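K.L.:
This is the structure I have questions about; it appears just below.
The values are calculated or read from the model by the stated rules, or taken from the named source; none is laboratory data. Please read all numbers here as calculations on a predicted model, not as lab measurements. Cβ coordinates were reconstructed from backbone atoms using ideal geometry, including for glycine residues, and neighbour counts include every protein chain displayed. The protein model used for the area step is the full one, side chains on, heavy atoms only, and it has no ligands, DNA or RNA in it. Shrake-Rupley method; radii C 1.70, N 1.55, O 1.52, S 1.80 Å.
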Amino acid sequence: MKKTLLIGLTVLIGYVLPVKAQLQKGTKYVAATISFNGTHQSMDNTPTNTFYPNKYETFNLNPSFQFGKFVKENRMAGISIGTSMAFSKSKTANIYQNYESKSSGIVYNLSPFIRQYKSLSPKWAIFLNSSVNLAYMHFKYTNNDDVRKSDGYSAGLYLTPGISYWITPRFALETDLNFLSLSAGYANLPTSKNVYFNSAFTTGLTDYFSVRASWYFQKN
């Protein structure tokens, strides 16, 4: 079903409709997305009194930036750079010893892309983004005085549709329709090596739509 919808969107983009000024050849494009979240938990393991209260904290930060230029009407070529950072810390105490563990993971992403737009109205447009994503991952685990480090990498091809809405002639909000995306690639992780297909599908609502602030700078 997802493939059928994606193919239908590709066909729709192929129809000839009037070109928006923002989508003309020579227009420059800059976009940014920054998201973050975190948790803090404190747990009391009484009434056994064997353990003292435990603490668990997490923090995630995901900034990304895109730069592009329209090489022809409705078609943009560009590059996306970004990083995903995840940190966690936990503390546990019992009557014999205190335990503290920390973990951190940083992923660096580089993704050249080609995006095909189709205008639907003066303010709305749909697009289909074809990209190659290259990622390098670094992980660090600390358990009391024991420190372990590991690295990984991945490379993949992604096909993702999306929607743009222009608030002003130069400023737009965009969302990638991740639940319709297709992907294939290879990942070499510290604990596994695998070839994946269609792995962009997710059941997390926050991963279905990612809103991106975008600026379009037309030629004078």
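K.L.:
Condition first: touching a residue at least 40 places away in the same chain (Cβ under 8 Å) and assigned to a helix (DSSP H, G or I). Now tell me which residues in segment 140-199 satisfy that.
P.N.:
Those that are touching a residue at least 40 places away in the same chain (Cβ under 8 Å) and assigned to a helix (DSSP H, G or I): F179, L180.
K.L.:
May I ask you to verify whether S90 is assigned to a strand (DSSP E or B), open to solvent by less than 70 Å² (accessible area, probe 1.4 Å), modelled with pLDDT under 90 and under 21 Å from P161 (Cβ atoms)?
P.N.:
Details: assigned to a strand (DSSP E or B): yes; open to solvent by less than 70 Å² (accessible area, probe 1.4 Å): yes; modelled with pLDDT under 90: yes; under 21 Å from P161 (Cβ atoms): no.
Judged against the criteria, S90 is not a match.
Let's see how each residue does on (1) open to solvent by 50 Å² or more (accessible area, probe 1.4 Å); (2) of a type in the set (D, E); (3) in contact with a strand residue (DSSP E or B) (Cβ under 7 Å, 6 or more places away or on another chain):
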position: Q97; (1), (2), (3): yes, no, no
position: N109; (1), (2), (3): no, no, yes
position: R115; (1), (2), (3): no, no, yes
position: I126; (1), (2), (3): no, no, yes
position: K140; (1), (2), (3): yes, no, yes
position: N143; (1), (2), (3): yes, no, yes
position: Y153; (1), (2), (3): yes, no, yes
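K.L.:
Continuing with this model, one more query. Answer with yes or no whether F51 is modelled with pLDDT of 90 or more and either surrounded by 14 or more Cβ atoms within 10 Å (Cβ to Cβ) or closer than 13 Å to Y117 by Cα (or both). Outline the logic, then answer.
P.N.:
Numbers: modelled with pLDDT of 90 or more: no; either surrounded by 14 or more Cβ atoms within 10 Å (Cβ to Cβ) or closer than 13 Å to Y117 by Cα (or both): yes.
Against the criterion (modelled with pLDDT of 90 or more and either surrounded by 14 or more Cβ atoms within 10 Å (Cβ to Cβ) or closer than 13 Å to Y117 by Cα (or both)), F51 does not qualify.
K.L.:
Go through segment 54-82 and give me each residue that's in a loop (DSSP other than H, G, I, E, B) and open to solvent by 40 Å² or more (accessible area, probe 1.4 Å). I'd like the intermediate steps shown before the answer.
P.N.:
Of segment 54-82, the ones in a loop (DSSP other than H, G, I, E, B) are 73-74.
Hit for segment 54-82 is E73, nothing else.
K.L.:
Further question: Among L120, L134, which is of a type outside the set (G, A, S) and either in contact with a Leu (Cβ under 7 Å, 6 or more places away or on another chain) or modelled with pLDDT of 95 or more (or both)?
P.N.:
Result of the check over L120, L134: L134.
K.L.:
Something else now. Is it true that some residue in segment 157-165 is open to solvent by 80 Å² or more (accessible area, probe 1.4 Å), farther than 19 Å from S103 by Cα and among the β-branched types (V, I, T)?
P.N.:
Within segment 157-165 (the criterion being open to solvent by 80 Å² or more (accessible area, probe 1.4 Å), farther than 19 Å from S103 by Cα and among the β-branched types (V, I, T)), the answer is no, since none of the residues qualifies.
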